[in-house]
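In what follows, a structure is listed as structure tokens, so that the remarks can point back to it.
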Amino acid sequence: MSLPPSFLDELRARTSLAQVAGRKVVWDQRKSKQGKGDMWAPCPFHQEKTASFHVDDRQGFYYCFGCHAKGDAIGFVQQTENVGFMEAVEILAREAGMEMPQRDPQERQVADRRSRLVEVMEEAARFFRLQLQTGAAAEARTYLTDRRGLSRAAQERWQIGFAPASWQAMWDHLTAKGVAPDLILACGLARLSDKGRQPYDTFRNRIMFPIHDARGRCIAFGGRAMDPNDKAKYLNSPETELFDKGRSLYNLAPAREAAGRDQPLIVAEGYMDVIALVEAGFGATVAGLGTAITPEQLRLLWRMHPEPVIALDGDKAGLGAAMRLIDVALPLLEAGQSLRFCLLPEGMDPDDLLRARGAPAMQALLDQAQPMVSLLWRRETEGKIVDSPERRAALDKDLRAVIRKVADPGIRAHYATEIRRLREELFGFGWKPTGGGPTANRGRPWRRDDRRAMAPTAGTRGSLIAALDDDGMAVLREAVILATLLRNPPLIEDYAHVLEEQLSGPGHSEIARILLSCDSDVSAQDVERAVSENLGQQALERLFSTGHVALAPSVRRPGDMELARLCLTEEIAKLTALRGDRHEIEEVAASFDAEPGEWADHRLSQLARAREVAARNSDGDRAEYDIAENGARIDRDKRSAFHNLVESIDYSRGKGRPPADRK
């Protein structure tokens with residue numbers, strides 16, 4: 001609903017900003033001049049001891065000379081109460097005695113009905129609180145004070161009540177107050193009997209916790225059973241016109257205000273966890289309402305704080321809930337918007353921990369909260385044995401599938417990088433040759449050094465292949481592989497194992513990371529756009545800058561998957577051979593002090609002979625074969641024989657004439 005400018009102008013005119021701000025600050029009496037509306041105080045938006053927060057009550061504006069926060073009364077309420085614009089306007093209008101602008105008749109009717117339902121819920125809350133002081137609630141009071149450690153004052157702060165064991169205590173109370181039966185049923189406070197009898201109370205013999213909306217109005221209840229044999233230990237109100245459990249949170253309004261004061265936002269599992277944490281000083285604490293956290297609740301949490309901390313029970317169920325929440329959160333992640341997870345000791349919930357060890361122990365665990373990617377890695381790898389290539393490939397496939405759930409391309413790329421780092425730690429990559437004996441490096445995956453090949457200038461591209469050393473050739477092979485996959489994205493998943501290796505070319509690892517984060521059905525244009533957005537256009541220009549890359553058949557003819565596979569197979573084989581040579585040389589160098597010199601000479605001579613044979617075979621290939629347009633090799637002798645056969649055919653009878661000669 002839009003608001004008329006005249007309404008907002010009148011609201012600002014009726015509202016004293018000094019009075020509104022005075023609820024949140026302590027004015028500096030020496031510096032302030034109340035008669036002139038010139039007020040000063042320590043800023044409520046950042047920590048300070050001096051009075052740098054200034055309010056000009058006559059103009060209706062505030063400004064902090066420390067953190068530069070500024071605005072009017074509406075903005076001040078938005079910031080300090082952590083509410084939206086409309087809610088801030090409603091708060092100020094209510095205080096100023098102004099009616100909100102009239103809605104259309106249908107909206108007005110719905111609003112009036114909701115107001116009546118809220119009044120019924122508030123009356124029910126008062127009834128439950130009174131019942132907690134009766135003799136029938138003696139066991140409930142003992143549970144709250146002795147077992148949970150809640151004082152009488154704390155019980156009143158949280159408006160905790162008690163539902164008597166009677167089948168119709170609430171029904172009788174509300175009908176006696178003149179509440180219409182349809183409103184009682186619409187609030188979820190009673191249920192219709194399937195035996196044709198009078199409706200019966202929803203909550204019986206339970207400790208009652210009122211659930212409020214963002215404006216602090218009671219919209220539902222949660223009840224804990226006192227009977228250990230009750231089928232449901234905790235029972236929430238059914239969903240009603242007021243209450244949508246997937247869009248509500250316990251302790252929402254106070255936690256939102258506390259989070260607005262830069263307190264960490266904690267998501268606990270149950271009502272008592274929230275109460276215990278808030279009473280211990282963690283004011284920005286909320287809880288879901290008996291179900292797993294929903295996407296709507298996550299968005300609500302992120303509106304309050306960019307990185308809520310999930311503090312679930314330290315048992316199998318709590319850990320399982322955290323793992324399931326990851327799948328809900330991944331598609332919703334945005335830059336600067338994520339989750340952290342506080343893992344409590346096994347068998348303890350926040351209430352147990354606070355009573356056993358105190359608030360400092362809880363704070364220490366919150367300080368050690370893990371980022372979501374760490375818990376994701378734990379979920380995907382815990383209990384798995386990856387002692388074979390097949391099992392490692394299966395893990396890689398699972399990890400890629402999880403990473404694809406991240407909708408934001410930039411975050412997906414960063415997740416791929418971190419998962420890759422953790423994967424290398426798990427599989428043992430990253431070893432450097434250390435020497436010290438003939439077996440010092442054997443059996444360890446090889447890692448290249450940090451040397452980088454410089455991009456060639458235009459004048460040297462023609463002689464690039466002849467002039468490059470092994471490191472330069474490896475960079476060139478990598479570039480062809482990356483360029484081929486950029487132009488043929490459906491092949492990325494089949495060659496992901498190559499992209500996951502350490503690449504030596506400048507920017508090659510970053511491009512590989514982006515390729516790994518792409519779906520197999522994405523277009524080549526989308527892939528190149530993702531690279532350009534994340535790494536800059538110069539990354540693409542550098543990749544395609546050499547003639548060997550730009551003229552590769554698989555790059556010149558994108559979409560020809562058979563040709564692309566042929567080129568990839570050849571380039572990967574050559575790259576693997578280069579790496580194998582380097583590995584052999586490094587092993588020989590590392591074992592100089594332990595192996596006889598003659599043996600080292602023998603290994604190096606064998607390597608040189610193998611490379612000479614490979615080079616000779618490559619030259620032979622060029623002498624004996626032509627390269628077709630699709631990249632395939634054609635035997636020159638067979639091609640010549642086929643050409644002679646075609647030339648010998650007699651087309652004079654007409655039927656054998658080439659199509660071009662037919663009339």
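The values are calculated or read from the model by the stated rules, or taken from the named source; none is laboratory data. Quick caveat: nothing in here was measured; it's all calculated off a predicted structure. Ideal geometry is used to build each Cβ from the backbone, glycine not excepted, and the neighbour counts take in all protein chains shown. Remember, those area values only see protein heavy atoms, side chains included, never the ligands or the DNA or RNA. Shrake-Rupley method; radii C 1.70, N 1.55, O 1.52, S 1.80 Å.
Please enumerate the residues belonging to segment 266-284 that are buried (at least 24 other Cβ atoms within 10 Å of the Cβ) and either part of a loop (DSSP other than H, G, I, E, B) or at pLDDT below 90 (or both).
Selection gives Phe282, Ala284.
When you scan segment 534-550, do you find a residue that is crowded, with 16+ Cβ neighbours inside 10 Å, touching a Gly at 6+ places or on another chain (Cβ under 7 Å) and closer than 19 Å to Arg404 by Cβ, even just one? Before the answer, list the steps.
Just the residues of segment 534-550 that are crowded, with 16+ Cβ neighbours inside 10 Å, to begin with: 534-535, 539-540, 542-546, 548-549.
Cutting the leftovers down to touching a Gly at 6+ places or on another chain (Cβ under 7 Å) gives us 534-535, 539, 542.
Still in the running and closer than 19 Å to Arg404 by Cβ: 534.
Scanning segment 534-550 turns up at least one residue that is crowded, with 16+ Cβ neighbours inside 10 Å, touching a Gly at 6+ places or on another chain (Cβ under 7 Å) and closer than 19 Å to Arg404 by Cβ.
If you check Gln297 against the conditions, is it on the phi < 0 side of the Ramachandran plot, among the polar types (S, T, N, Q), open to solvent by 40 Å² or more (accessible area, probe 1.4 Å) and in contact (Cβ under 8 Å) with a residue 12 or more places away in the chain?
Values: on the phi < 0 side of the Ramachandran plot: yes; among the polar types (S, T, N, Q): yes; open to solvent by 40 Å² or more (accessible area, probe 1.4 Å): no; in contact (Cβ under 8 Å) with a residue 12 or more places away in the chain: yes.
Criteria not met by Gln297.
Residue under question is Ser388, and the condition is that it be of a type in the set (Ser, Thr, Tyr) and surrounded by fewer than 17 Cβ atoms within 10 Å (Cβ to Cβ); does it hold? Steps first, please.
Working: of a type in the set (Ser, Thr, Tyr): yes; surrounded by fewer than 17 Cβ atoms within 10 Å (Cβ to Cβ): yes.
The answer is yes for Ser388.
Would you check if Glu122 is closer than 30 Å to Gln155 by Cβ and among the charged types (D, E, K, R)?
yes
Here are some residues: Arg197, Arg247, Arg215. Which one is at pLDDT below 90 and within 27 Å of the chain's Cα centre (by Cα)?
Values: Arg197 fails: within 27 Å of the chain's Cα centre (by Cα); Arg215 fails: within 27 Å of the chain's Cα centre (by Cα).
Testing whether each residue is at pLDDT below 90 and within 27 Å of the chain's Cα centre (by Cα) leaves just Arg247.
Pro210 fails exactly one of the following numbered conditions: (1) within 15 Å of Leu132 (Cα to Cα); (2) surrounded by fewer than 18 Cβ atoms within 10 Å (Cβ to Cβ). What is the number of that condition?
Among (1) within 15 Å of Leu132 (Cα to Cα); (2) surrounded by fewer than 18 Cβ atoms within 10 Å (Cβ to Cβ), Pro210 violates only (2).
Of all residues in segment 176-196, which are open to solvent by 30 Å² or more (accessible area, probe 1.4 Å) and within 14 Å of Ser237 (Cα to Cα)?
Leu185, Arg191
Considering (1) in contact with a Ser or Thr (Cβ under 9 Å, 6 or more places away or on another chain); (2) over 30 Å from Leu242 (Cβ atoms); (3) acidic (Asp, Glu), say which one Glu95 fails and leave the rest.
(2)
Filter segment 62-106 down to the residues that are among the small types (Gly, Ala, Ser) and buried (at least 19 other Cβ atoms within 10 Å of the Cβ), then identify the one that is farthest from Pro4 (Cα to Cα). Please lay out each step first, then the result.
Step one: filter segment 62-106 for residues among the small types (Gly, Ala, Ser), giving 66, 69, 71, 73, 75, 84, 88, 93, 96-97.
This time we only want the ones that are buried (at least 19 other Cβ atoms within 10 Å of the Cβ), so: 73, 88, 93.
On the way: Ala73: 17, Ala88: 16, Ala93: 14 Å.
Filtering segment 62-106 for residues that are among the small types (Gly, Ala, Ser) and buried (at least 19 other Cβ atoms within 10 Å of the Cβ), the one farthest from Pro4 (Cα to Cα) comes out as Ala73.
Let me confirm something: among Trp431, Trp446, which residue is at pLDDT below 90 and in contact with a His (Cβ under 8 Å, 6 or more places away or on another chain)? Before you say what the answer is, go through the steps one by one.
Working: Trp431 fails: in contact with a His (Cβ under 8 Å, 6 or more places away or on another chain).
None of the others qualify; the one that does is Trp446.
So which residues in segment 197-207 are part of a strand (DSSP E or B) and surrounded by fewer than 20 Cβ atoms within 10 Å (Cβ to Cβ), if there are any at all? Spell out how you get there, then give the answer.
Filtering segment 197-207 for residues part of a strand (DSSP E or B) gives 200-201, 206-207.
Selection gives Tyr200 alone.
Find the residue count for segment 160-175, including only residues that are among the β-branched types (Val, Ile, Thr) and either open to solvent by 60 Å² or more (accessible area, probe 1.4 Å) or farther than 23 Å from Tyr234 by Cβ (or both).
1
Among (1) under 26 Å from Ala258 (Cβ atoms); (2) among the polar types (S, T, N, Q); (3) open to solvent by 40 Å² or more (accessible area, probe 1.4 Å), there is one condition Gln59 misses while meeting the rest; what is its number?
Just one mismatch for Gln59, condition (1).
Criterion first (more than 30 Å from Arg116 (Cβ to Cβ), open to solvent by 10 Å² or more (accessible area, probe 1.4 Å) and among the hydrophobic types (A, V, I, L, M, F, W, C)) does Met226 satisfy it?
On the way: more than 30 Å from Arg116 (Cβ to Cβ): yes; open to solvent by 10 Å² or more (accessible area, probe 1.4 Å): yes; among the hydrophobic types (A, V, I, L, M, F, W, C): yes.
In short, yes.
Could you tell me which of the residues Pro345, Pro350 is under 14 Å from Leu319 (Cβ atoms) and either out of contact with any Ser or Thr (no Cβ under 9 Å at 6 or more places or on another chain) or not hydroxyl-bearing (Ser, Thr, Tyr) (or both)?
Details: Pro350 fails: under 14 Å from Leu319 (Cβ atoms).
Exactly one residue qualifies, and that residue is Pro345.
Among the residues of segment 347-384 satisfying the criterion of being under 30 Å from Lys405 (Cα atoms) and part of a loop (DSSP other than H, G, I, E, B), which is least open to solvent (accessible area, probe 1.4 Å)? Full working, then the answer.
Going residue by residue through segment 347-384, those that are under 30 Å from Lys405 (Cα atoms) are 365-384.
Next cut, part of a loop (DSSP other than H, G, I, E, B) only: 368-369, 382-384.
On the way: Gln368: 131, Ala369: 6, Glu382: 110, Gly383: 81, Lys384: 89 Å².
This residue is Ala369.
Quick check on my filter: what residues within segment 157-196 are free of Cβ contacts under 8 Å to residues at least 60 places away in the same chain, under 30 Å from Asp112 (Cβ atoms) and in a helix (DSSP H, G or I)?
Ala169, Met170, Trp171, Asp172, His173, Leu174, Thr175, Ala176, Pro181, Asp182, Leu185
If a residue counts only when it is of a type in the set (A, V, I, L, M), which strands (runs of 3 or more DSSP E) contained entirely in segment 1-67 have at least 2 such residues?
Working: elements: 38-41, 53-56, 61-64.
Because the criterion is at least 2 residues that are of a type in the set (A, V, I, L, M), the strands (runs of 3 or more DSSP E) in segment 1-67 that meet it are 38-41.
Output the number of residues of segment 146-156 satisfying the condition of being surrounded by 14 or more Cβ atoms within 10 Å (Cβ to Cβ), among the basic types (Lys, Arg) and not in a loop (DSSP other than H, G, I, E, B).
Total meeting the criteria: 0.
Determine which member of the set Ala407, Ala479 is part of a helix (DSSP H, G or I), modelled with pLDDT of 75 or more and in contact with a helix residue (DSSP H, G or I) (Cβ under 9 Å, 6 or more places away or on another chain). Before you say what the answer is, go through the steps one by one.
Details: Ala407 fails: part of a helix (DSSP H, G or I).
Only one candidate passes the filter, namely Ala479.
What's the number of the only condition in (1) part of a loop (DSSP other than H, G, I, E, B); (2) crowded, with 20+ Cβ neighbours inside 10 Å that Met121 fails to meet?
Answer for Met121: the failing condition is (1).
State whether the residues of segment 304-322 include one that is assigned to a helix (DSSP H, G or I), modelled with pLDDT of 90 or more and either within 23 Å of the chain's Cα centre (by Cα) or closer than 25 Å to Arg357 by Cα (or both).
Quick first cut of segment 304-322, residues assigned to a helix (DSSP H, G or I) only: 304, 316-322.
Filter again for modelled with pLDDT of 90 or more, leaving none.
No: segment 304-322 contains no residue that is assigned to a helix (DSSP H, G or I), modelled with pLDDT of 90 or more and either within 23 Å of the chain's Cα centre (by Cα) or closer than 25 Å to Arg357 by Cα (or both).
Which of the residues belonging to segment 323-346 are part of a strand (DSSP E or B) and not aliphatic (A, V, I, L, M)?
Step one: filter segment 323-346 for residues part of a strand (DSSP E or B), giving 334, 337, 340-343.
If the condition is that a residue be part of a strand (DSSP E or B) and not aliphatic (A, V, I, L, M), then Glu334, Gln337, Arg340, Phe341, Cys342 are the ones that fit.
Whether any residue in segment 133-153 is on the phi < 0 side of the Ramachandran plot, touching a Cys at 6+ places or on another chain (Cβ under 8 Å) and of a type in the set (A, V, I, L, M) is what I want to check.
In the first step, residues of segment 133-153 are kept if they are on the phi < 0 side of the Ramachandran plot; the result is 133-148, 150-153.
Then drop every residue that is not touching a Cys at 6+ places or on another chain (Cβ under 8 Å), which leaves none.
No, that holds for no residue.
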